[in-house]
Amino acid sequence: METVKTLIIGSGPAGYTAAIYLSRANLQPILYEGLQPGGQLTTTTQIENYPGFANGIDANELMSAMRQQAENLGTVIRSGMITRVDLSQRPFRIEVDGEWKIEADSLIVATGATAKYLGLPSELHYRGQGVSACATCDGFFYRKRDVAVVGGGDTACEEATYLASLCRKVYMIVRKPFLRASKAMQQRVFDTPNIEVLFEHNTVEVLGDESGVTGVRVRHTNGEERTIDLAGFFLAIGHHPNTDLFDGQLALDDEGYIRVEPGTSKTSVEGVFAAGDVKDPHYRQAIAAAGSGCVAALDCERFLRQ
Ligand code: NDP
């Protein structure tokens, strides 16, 4: 069993920032990247609201730079999956890829959140065959074709405008009579001629054949149904936190987000700290996640030096 002072789970802005701070504090953190190295930001395109980049920065470039910075300062970055944790006593025990491998004096949880799906059987059936929750990853496959994006938040608007630059036509399927997104994002959508917003519409069924998605059946709140021919169906309806590992071990809120002591990163277990989207149902911004990674590292450092 390997013994470490501090283990970080997650490789988004929260995890890397915590790693940068803990490395500089000479605490030799080990960071496990998980299934999506770089976290959710790697599924987006240009970031214009991360301070320090006057003309914006490519999201993947930003995450690579954070990773490199953490590594340069001494963080050991590994690619295994944490499959179980035992937080009942210290040192905490950590199972990696199905094997109990690590004992950690402290833990920083920065496992982020994952995209939600509608839960329709047809949506599940065509997942990966035209149904996607990541326009940046999969938009390329639908160049010059018609696609739909479900949702009316900032993510949906961002994905729709991105897809509009590749596809012939983008439908936004929005269940309310308005968009929830920020005014700037809404304006971008309304200014894009090949986006059509279908307000007050819900998805009834994703249609397809052996080649994948061929369309979608939608219903207006007045009961009228129509079928739209499509090649791609994108979900942008929010996220749920990646906290399955901690169920029953850390206090979670009703939606599964980790509860922290207000103004800190301290969870219900002493020595376990949470950072980023995994504890943040409200702000969910890269800069907020990075800031909370810093807070978690400082809380963790103080805890270890006690
Ligand atoms: P949001 O929760 O803000 O929006 C989710 C959208 O999906 C809403 O329009 C919601 O509808 C809709 N929705 C939810 N469930 C369903 C369902 N079952 N069927 C149909 N529609 C559904 O999530 P986002 O991912 O858009 O944003 C999360 C956070 O991240 C926000 O704070 C946002 O501001 C931020 N963000 C910021 C960006 C930026 O600044 N560049 C980019 C992306 C996100 P309804 O409104 O009816 O609830």
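Observations on the model:
- Qualifying residue in the stretch 48-67 (condition: of a type in the set (Gly, Ala, Ser), closer than 23 Å to residue 296 by Cβ and crowded, with 16+ Cβ neighbours inside 10 Å): yes
- The residues listed here are 95, 71, 123, 103; of these, the one that is under 26 Å from residue 302 (Cα atoms) and assigned to a helix (DSSP H, G or I) is 71.
- Extreme residue, surrounded by the fewest Cβ atoms within 10 Å (Cβ to Cβ), among residues of the stretch 145-159 that are away from the ligand (no atom under 11 Å from the Cβ) and outside any loop (DSSP other than H, G, I, E, B): 146
- Residue count for the stretch 25-80, restricted to those that are acidic (Asp, Glu), free of Cβ contacts under 8 Å to residues at least 12 places away in the same chain and within 13 Å of residue 11 (Cβ to Cβ): 1.
- When the stretch 143-166 is filtered for residues that are touching a strand residue (DSSP E or B) at 6+ places or on another chain (Cβ under 6 Å) and at pLDDT 95 or above, the ones remaining, listed by number, are 146, 147, 148, 149, 150, 152, 156, 160, 163, 164.
- Looking across 22, 35, one residue alone is crowded, with 22+ Cβ neighbours inside 10 Å, hydrophobic (A, V, I, L, M, F, W, C) and closer than 23 Å to residue 85 by Cα. It is 22.
- Flag for residue 228 being surrounded by fewer than 22 Cβ atoms within 10 Å (Cβ to Cβ) and at negative phi: yes
- Every residue from the stretch 240-278 that is free of Cβ contacts under 8 Å to residues at least 24 places away in the same chain, closer than 23 Å to residue 94 by Cα and not polar (S, T, N, Q): 244, 247, 248, 251, 252, 256, 259, 260
- Selection status of residue 65, small (Gly, Ala, Ser), assigned by TED's automatic domain parsing to the domain that holds residue 22 and in a helix (DSSP H, G or I): yes
- Residue in the stretch 135-144 that is surrounded by fewer than 22 Cβ atoms within 10 Å (Cβ to Cβ), hydroxyl-bearing (Ser, Thr, Tyr) and not assigned by TED's automatic domain parsing to the domain that holds residue 291 present: yes
The values are calculated or read from the model by the stated rules, or taken from the named source; none is laboratory data. Because the structure is a prediction, the values reported are computed rather than measured. Cβ: placed from backbone, ideal geometry, glycine included. Neighbour counts: every protein chain shown.
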